[in-house]
Amino acid sequence: MRLLIRRCVPGLACAGVAFIALAASAVDLPPPAPSQPVTEVLHGVSVTDPYRNLENLKSAETRDWLQTQGDYTARLLARIDGRDAMQQRISELAKASGDAVRQVRRMPGERIYYLKRKAGESQFKLVMRVGLAGAERVLVDPTQLAKASGVPNAINYFVPSWDGKALAYGISAGGSEDASLYVMDIASGKALAEPVPRVHEDLVNWAPDSRSLTYNQIRDLPAGTPETETFLDSTVFLLRIGQPHARPLFGPLVNRELGLARLDVAQVIFALGSRYMIARTTDTTVPEGRLYVAPVAELQRKSIHWRQISGAADKITDVQLRGDTLYLRTYAGAPRGRVLALALPDPILSKAKLVAPEPDVGVLREFALGRDALYAEVQQGFNTRVRRYGVGEPRTGRDVAPGLAGSTFVVADPAHTQREPWLTTSTWTEPGRILAVSADGTTRDTGLRNNTLPPGAPELEVSEVLVESHDGAKVPLAILRRKGLPLDGNNATLLEGYGAYGHSMEAHFDPRSIAWLERGGVLAYANVRGSGAFGDEWHRAGYKATKANTWKDGLACARYLIAQGYASPSTLGIKGTSAGGIFVGRAVTSAPDLFTAAIFDVGIMDAVRAEESANGITNTSEFGSFRNAAEFPALLEMSTYHQIIDGAAYPAVLLIHGMNDPRVDVWHSAKAAARLQAASSSGKPVLLRLDGQAGHGIGSTAQQGYSKQADIYSFLLWQFGKTGLIP
């Protein structure tokens with residue numbers, strides 16, 4: 001055994017001598033991070049940032065340190081006994097489960113579009129067929145672009161024209177999500193327009209004539225422009241096929257008379273057969289924004305008269321347009337959601353009629369329109385039911401296919417022409433299917449998903465419980481384990497949470513997780529406050545000033561898992577992704593003794609400085625602004641980076657990030673890794689896993705996903721003492 005002494009970082013109090021017990025052939029630890037401390041006084045509070053310099057990703061010193069950290073982590077993870085076998089097993093399970101199919105969209109003429117990745121392939125392709133009996137045709141294959149460039153490419157979004165002749169789609173490289181918009185003729189495969197750069201979001205809509213489309217484009221910023229300007233003053237353009245230039249249609253720089261905010265990111269929505277178009281804004285983070293209406297015929301005019309329907313205070317989170325009616329989901333006066341119908345010839349919101357009332361139990365979330373009914377997804381706990389609201393039916397609606405287990409969701413039908421709805425299914429223990437539902441409620445499998453339970457998969461037990469948190473609130477917790485697994489506190493257990501934006505975890509099947517469960521592992525998912533598990537009030541209870549409930553709920557769930565014998569502190573790990581970085585980071589820094597290991601996956605680690613990044617500024621509506629004296633204290637409290645204490649015995653930590661992440665900058669993980677490496681006295685490793693061809697995880701290839709999951713599982717098993725390092 002060799003004792004590796006961690007050196008002190010200049011400008012910081014030394015955390016003492018830390019020891020990591022590795023095999024004798026272990027590589028040397030990488031050097032500590034370069035530190036150029038910055039101290040600021042924010043609203044009377046002195047805040048020191050010892051690694052502000054790591055935010056400069058163009059600095060050679062920073063990039064060299066990141067390279068050294070990434071290389072060291074890759075070498076060390078590769079030495080975990082059984083790590084390669086774990087990746088092989090994950091790959092086998094994924095392939096044995098069958099093809100992956102997502103984002104199914106039904107269009108007029110029985111045209112069906114979807115993304116498909118065949119078992120063993122690396123990336124999703126866009127395919128279409130006419131009718132379920134029709135042959136599949138590949139429309140867009142990003143792997144061909146990857147072969148030419150050597151960089152993984154991904155389809156970010158796709159929008160077929162109403163008449164089925166054209167297709168708009170977005171492509172980005174290296175996980176960057178920096179998508180360009182392409183428009184192609186489906187019959188010939190030829191381009192109908194030059195690629196349009198900086199069309200990052202799927203805010204693309206075809207006009208009813210199928211010869212014009214709208215898209216939102218962010219500005220081309222001059223060199224030296226602050227990153228915080230990236231998403232400000234974006235513009236919706238109207239592109240007419242065959243014309244060389246697009247026309248500015250809507251946005252803060254176009255409609256100055258509307259008083260739009262610089263962060264009002266908009267789209268203009270059309271519907272087949274509707275005389276109206278809807279302009280909708282959000283800040284890209286919260287869905288509540290503004291709604292405007294104008295006749296489609298005004299597209300022929302030089303200027304358009306937009307009439308405002310609603311503002312953020314009206315709490316409208318989703319809209320669907322059909323004919324002369326706009327359907328609105330709102331939680332104003334209904335924390336669990338309801339749907340209203342507004343007649344656009346007289347678009348006064350107070351005159352809107354109730355279509356789907358707030359449910360007595362559960363939360364009304366997404367909704368869709370069919371030919372003769374409205375279909376709403378009502379979530380209760382980790383499961384979701386689809387309810388139908390039609391003429392002559394109960395006002396409270398009726399369940400569609402009530403005999404199905406787990407969750408059901410409506411398949412998109414943008415034209416609202418389908419009489420027979422399709423549902424996707426989702427459970428903890430079985431692969432999902434896509435079902436057609438007859439008028440009498442009977443279902444049949446469309447065959448679009450051919451997934452099966454991998455051979456040899458263990459029988460699983462699922463428990464869904466309510467855990468009492470620090471203040472008596474009941475937190476939904478789902479626990480998966482192999483049937484018959486003893487509750488002796490010795491099981492490798494991973495607790496995962498998110499808790500932001502009102503997004504909730506739902507029952508889902510991931511064949512790759514069997515690699516963990518079949519080895520006696522336990523998976524636990526917590527719908528902590530900040531999620532929407534019980535509606536808007538549950539979201540607001542883990543939001544800005546109340547954000548501490550998010551990680552305190554997580555700690556309550558961790559203690560429950562220990563008390564019930566699923567795990568012990570020596571076999572319990574915790575994970576959070578993206579905004580879930582606050583959940584995991586603050587749980588670990590608040591109660592490090594509860595966990596042996598933690599996974600910080602593309603996490604928000606420095607909540608105070610996040611606002612100074614390109615996408616961080618869009619999140620102030622969710623977390624608050626450090627510039628606001630009233631919101632700053634909560635931001636400082638939720639910032640993991642600022643809550644790390646010198647000399648504390650922290651768990652082992654694996655921080656994961658893609659170098660091209662556009663949502664959470666890689667410096668979040670870099671700064672947290674540097675701070676934990678300098679501060680922790682436990683002697684447990686703090687590793688920074690970096691991928692130069694990945695971003696936030698969106699667009700990663702199947703192989704990248706297998707490798708990442710294998711590293712997570714192997715790292716946890718190593719830290720739980722259930723495997724070792726290869727000499």
Checking the cross-link filter: which aspartates and glutamates have an alpha carbon closer than 19 Å to that of K165, excluding same-chain neighbours under 8 positions apart? E110, E136, D141, D185, E194, D209, D413
Segments 706-718, 144-156, 539-551 sorted - mean Cβ within 10 Å per residue, highest first: 706-718, 539-551, 144-156
If one takes the longest principal axis of the Cα atoms in the chain, at what angle in degrees, from 0 to 90 and to the nearest 10, does the Cα axis of helix 580-590 lie? 30 degrees
Between A412 and residues 5 or more places away or on another chain, which pairs have amide H atoms under 5 Å apart, with H built 1.01 Å from N, and which residues are they? R106
If amide H atoms are modeled at 1.01 Å from N in the peptide plane, then the residues at a separation of 5 or more from L238, or on another chain, having amide H under 5 Å from its own are R247, L249
What list of ³J(HN,Hα) couplings, whole Hz, do you get for region 40-49 from phi and the Karplus terms 6.51, -1.76, 1.60, once you set θ to phi - 60° and write x for glycine and proline? 10, 9, 10, 6, x, 10, 7, 10, 9, 10
Given 0.36 nm per residue, what is the gain on full extension from L487 to R219 after removing their alpha carbon distance, in nm? 90.9 nm
Kindly write out, for region 510-520 in residue order, the coupling ³J(HN,Hα) from the Karplus curve 6.51 cos²θ - 1.76 cosθ + 1.60 (θ = phi - 60°), rounded to whole Hz, with x marking Gly and Pro. 10, x, 5, 5, 4, 4, 8, 5, 6, 8, x
Cα shape, region 249-338, gyration tensor, a/c 1.5 rule: oblate
Quick one: which residues, 5 or more positions from S407 or on another chain, have an amide H under 5 Å from its amide H? H modelled 1.01 Å from N in the peptide plane, none for Pro or chain starts. T384, S426, T427
Relative to the longest principal Cα axis of the chain, at what angle does helix 60-78 sit, 0 to 90 degrees, rounded to 10? 80 degrees
How would you rank 303-314, 70-81, 37-48, highest first, on the average number of other Cβ atoms within 10 Å across their residues? 70-81, 303-314, 37-48
Let me make sure I get this right: for region 203-357, a, b and c are the square roots of the gyration tensor eigenvalues over alpha carbons, sorted descending. Under 1.5 in a/c it's rounded, otherwise prolate if a/b > b/c, else oblate. Which is it? oblate
Could you tell me how many degrees, from 0 to 90 and to the nearest 10, lie between the Cα long axis of helix 702-719 and the main elongation axis, the longest principal axis, of the Cα atoms of the chain? 30 degrees
Using the beta-carbon distance between H245 and D71 and R0 = 35 Å, what value does 1/(1 + (r/R0)^6) give for FRET efficiency, to the nearest 0.05? 0.15
Work out, step by step, the length gained on full extension between S149 and V45: first 0.36 nm times the residue separation, then minus their alpha carbon distance; give nm to one decimal. 32.5 nm
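Among the listed pairs K116/K544; K118/K708; K95/K684; K116/K547; K95/K552; K118/K147, give every one whose C-alpha distance is greater than 27 Å.
Numbers: K116/K544 39 Å; K118/K708 20 Å; K95/K684 35 Å; K116/K547 38 Å; K95/K552 38 Å; K118/K147 18 Å.
Over 27 Å apart, Cα to Cα: K116/K544; K95/K684; K116/K547; K95/K552.
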J(HN,Hα) series, region 430-445, from Karplus relation 6.51 cos²θ - 1.76 cosθ + 1.60, nearest Hz, glycine and proline x: 9, x, x, 10, 10, 10, 9, 10, 7, 4, 8, x, 6, 10, 9, 6
Full extension between E393 and R63 adds, at 0.36 nm per residue less the Cα distance, a length in nm of 112.5 nm
So if I take the centroid of the Cα atoms in region 444-495 and the same for region 40-62, what is the distance between those two points in Å? 41 Å
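Every number here is computed from the coordinates shown, using simple stated rules; none is lab data. Given the structure is predicted, the values throughout are model-derived calculations rather than measurements. Every residue, glycine as well, gets a Cβ built from its backbone with ideal geometry; the counts of neighbours run over all protein chains shown.
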